[in-house]
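Derivation of every value follows stated rules applied to the coordinates shown; laboratory data play no part. Note that this is a predicted model, so its numbers are computed, not measured. Here Cβ is always computed from backbone atoms with ideal geometry, including for glycine, and neighbour counts include all displayed protein chains.
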Amino acid sequence: MIKHKCRRCGNCCIIHWGSFGATRDDVIRWINESRIDILRQIVANSDDLNGEPYLFISKMCPFLRKDEEPSLYRCAINDTKPHHCRNYPDDGVCEYVANP
């Protein structure tokens, strides 16, 4: 697999947010870490057909922060971000980078 180097453009967080939920493992980890700030952002998914029993309630990622440098972003919960965020891009290729 190709090793991905994030360019911190924020596009994956901005565009993909809302297309996935939190896994049980995510929620258990956040409970064990006492991450109330994250737990307040999810609700139970009554239509759990895809293995994501929790949904994020916000339209935009509340943990994406814009850095002082123009056009650079960072994750405020990088050490404990959701499974889907940690594993993006799952094929090692970011579709938002023209010349990886």
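Note on Asp79 and Phe20: their simple-model spin labels are 2.1 nm apart, each label 7 Å out from Cα toward Cβ. Annotation: extensible slack from Arg86 through Ile36 equals 16.0 nm (criterion: 0.36 nm per residue apart, minus Cα-Cα distance). The phi torsions of the range 59-64, fed into the Karplus equation with coefficients 6.51, -1.76 and 1.60 and a -60° offset, translate into couplings of 6, 10, 5, x, 10, 7 Hz, rounded to whole numbers, with Gly and Pro shown as x. Each residue of the range 22-30 was assigned a 3J(HN,Hα) from its phi angle through the Karplus expression (A = 6.51, B = -1.76, C = 1.60, θ = phi - 60°), giving 9, 7, 4, 4, 4, 5, 4, 4, 5 Hz with x at Gly and Pro.
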